[in-house]
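Here is the structure we will look at.
The values are calculated or read from the model by the stated rules, or taken from the named source; none is laboratory data. Just so it is clear, the structure is predicted and the values come from calculations on it, not from any experiment. Note: ideal-geometry Cβ built from the backbone for every residue, glycine included; neighbour counts use all protein chains shown.
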C-alpha cells in the first residue's frame, strides 16, 4: 500500500533537528582573532595579508600565480582581459550559469556566443562548442556548473586546435578534481568567487589562478594600480612586460579590484582547513546519493565513481529529474511534495542567459543598437529554441540539501524524503 505523502496529510519523513549539519562557513576563534587583528591595525585596505593569502592560494592550486580580487565577477573580468579579449571578439559560454560568467565580455567590447550543455553534466557540450567557433572566438569559458567538472580533455583539445584560450569558472567547484587534476589549473586561467555562501568562503572576494605570466600581468595592470606604482616593492611578481610598464600607476581598466584584508585574513584560515572540511562534505553528499541509488526518476549530478573526478565542496548541489519515470509528474510538483516532507529542495537551475533582454535588447553603452551585436559582424543573438538541451533541462533539475557534516541519521531522513515522494509519485496530482 502506498505511503501517504505529507503533502496530503501523512507523517513527514524528517523528524529530527538537523543541528549544525547545514551551518556554513565554519568560523573559529582563530578566524575571529585574525579578522580582529586587521580591524585593530586599521589595515583593511592594505596588501601585506592579501599577498600572504595569494601565495598560499597559489600553493594550494600548484600554480605560479594567484591574484586576489574583490569578488568573483572581478576575477572573471580580469581573466578575460588577461586573455586579450577585446573589441569584436567572441567568448563562448554556457547559458545556464550566473551572468558573471559571460557578461564582463560586453565591457571589453566583445560579445558572447552561447553553446549548449551536456544533459547529464549540465556543463558545456564540446561538440556544440566547436560548432560555435569562428575566427573571432578568443576564449571558451568552461563553467564547472553546480560543482560538476566540465569535459576538460575535449575542451582543451578544441581550444588548442583553434588557438583559443580556456577560462575555467571555478565558482561552484573549489577543490574539485577532473581526472585527478585540480579544476582551475587545466585551462589557461581559472577564476572564481570566494564569497561567504560558497564552499570556500572568505566573506566577499574572488581569485584568479594561472601559470601564464602574460595573463597574470595583464590582470594585475587591469585593476591593481598600487601593484604597478608606489607599492610594487611589496609584490613578489612585479609587472615586467615592456608593453605594460609604461602605464604603471594607473589601472588600464579604470577599476579598483583589490580584496579587502578582512576577507584575506579570514580566507587564510578557511583555506588552511578546507581540504579536511571538503572531505567531510564529499563523504556526506555521496552518502546521500548512495542512499537513493536505483530510486526511479532521480539521478545524481556527480561524476562517475572512480573516474578521478570529484565535486569539490559540492556548492549548490542538484539532482537530475526524469519525469517519464514518475508518470509525467512535473519537477515543480515533486519538489513541493518533498518540501512537505521537511527537506529543502527547489526546481530548476540558474536563469538561462541566452533569451534574457540584457543579452538581446539592452544598449548598455549607447551604440544605438544592442550591445550584444554592437561590435559584431553579424546578428548572433540566440532566441528560445536555439539551445534545446539547456532549455529542456530547466524542467529536469532540482536542488538537494547541502550537508556540511557527516551525520548519517540526519542524512538518511533527508534521503528518505526524496525516496518517499519518488516511490509514491502516482499519488501526486498536478
Anything in the stretch 292-321 that is in contact (Cβ under 8 Å) with a residue 60 or more places away in the chain and surrounded by fewer than 16 Cβ atoms within 10 Å (Cβ to Cβ)? List them, or say none. 296, 307, 308
Against the condition over 20 Å from the mean Cα position of the chain (by Cα), surrounded by 15 or more Cβ atoms within 10 Å (Cβ to Cβ) and not in a loop (DSSP other than H, G, I, E, B), how does residue 227 come out, does it pass? yes
Kindly indicate whether any position in the stretch 343-359 is modelled with pLDDT of 95 or more, under 20 Å from residue 137 (Cβ atoms), more than 23 Å from the chain's Cα centre (by Cα) and not assigned by TED's automatic domain parsing to the domain that holds residue 148. no
For residue 203, are the conditions met, namely being at pLDDT below 95 and out of contact with any strand residue (DSSP E or B) (no Cβ under 9 Å at 6 or more places or on another chain)? yes
State which residue is farthest from residue 119 (Cα to Cα) when the search covers only the stretch 392-430 and only residues that are in contact with a strand residue (DSSP E or B) (Cβ under 6 Å, 6 or more places away or on another chain) and in a loop (DSSP other than H, G, I, E, B). 400
Please go through the stretch 286-301 and give me each residue that is under 24 Å from residue 117 (Cα atoms) and out of contact with any strand residue (DSSP E or B) (no Cβ under 9 Å at 6 or more places or on another chain), ordered by number. 296
I need the full set of residues from the stretch 274-298 which are over 20 Å from residue 18 (Cα atoms) and in contact with a helix residue (DSSP H, G or I) (Cβ under 9 Å, 6 or more places away or on another chain), in order please. 274, 275, 295, 296, 297, 298
Of the candidates 54, 59, 90, the one satisfying the condition of being surrounded by fewer than 13 Cβ atoms within 10 Å (Cβ to Cβ), touching a strand residue (DSSP E or B) at 6+ places or on another chain (Cβ under 9 Å) and modelled with pLDDT of 95 or more is 59
Give the residues of the stretch 31-44 that are surrounded by fewer than 12 Cβ atoms within 10 Å (Cβ to Cβ) and either modelled with pLDDT under 95 or not assigned by TED's automatic domain parsing to the domain that holds residue 203 (or both), sorted by residue number. 42
Exactly one of 361, 324, 341 is out of contact with any strand residue (DSSP E or B) (no Cβ under 6 Å at 6 or more places or on another chain), crowded, with 16+ Cβ neighbours inside 10 Å and farther than 18 Å from residue 101 by Cβ, and that one is 341
Based on what the data block shows, is residue 51 in the same structural domain as residue 259 (by TED's automatic domain parsing), part of a helix (DSSP H, G or I), touching a helix residue (DSSP H, G or I) at 6+ places or on another chain (Cβ under 7 Å) and in contact (Cβ under 8 Å) with a residue 40 or more places away in the chain? yes
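Just to verify a result, which residue in the stretch 160-173, among those that are closer than 19 Å to residue 99 by Cα and in contact with a strand residue (DSSP E or B) (Cβ under 7 Å, 6 or more places away or on another chain), is surrounded by the fewest Cβ atoms within 10 Å (Cβ to Cβ)?
Going residue by residue through the stretch 160-173, those that are closer than 19 Å to residue 99 by Cα are 166-173.
Now narrow it down to the ones that are in contact with a strand residue (DSSP E or B) (Cβ under 7 Å, 6 or more places away or on another chain): 166-171.
Working: 166: 22, 167: 30, 168: 29, 169: 30, 170: 32, 171: 32.
By that ranking, first place goes to 166.
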Of everything in the stretch 130-150 that's crowded, with 21+ Cβ neighbours inside 10 Å and assigned to a loop (DSSP other than H, G, I, E, B), which residue is nearest to the chain's Cα centre (by Cα)? 144
Do you know which residues across the stretch 159-176 are closer than 18 Å to residue 211 by Cβ and outside any loop (DSSP other than H, G, I, E, B)? 159, 160, 165, 166, 167, 168, 169
Return the residues of the stretch 323-371 that are assigned to a helix (DSSP H, G or I), farther than 24 Å from residue 387 by Cα and in contact (Cβ under 8 Å) with a residue 40 or more places away in the chain; say none if nothing qualifies. 333, 334, 335, 336, 337, 338, 340
Only one residue in 189, 194, 183 is assigned by TED's automatic domain parsing to the domain that holds residue 260, in contact with a helix residue (DSSP H, G or I) (Cβ under 6 Å, 6 or more places away or on another chain) and surrounded by 24 or more Cβ atoms within 10 Å (Cβ to Cβ). Which one? 189
For the stretch 3-30, enumerate the residues that are buried (at least 16 other Cβ atoms within 10 Å of the Cβ) and under 30 Å from residue 202 (Cβ atoms). 18, 21, 24, 25
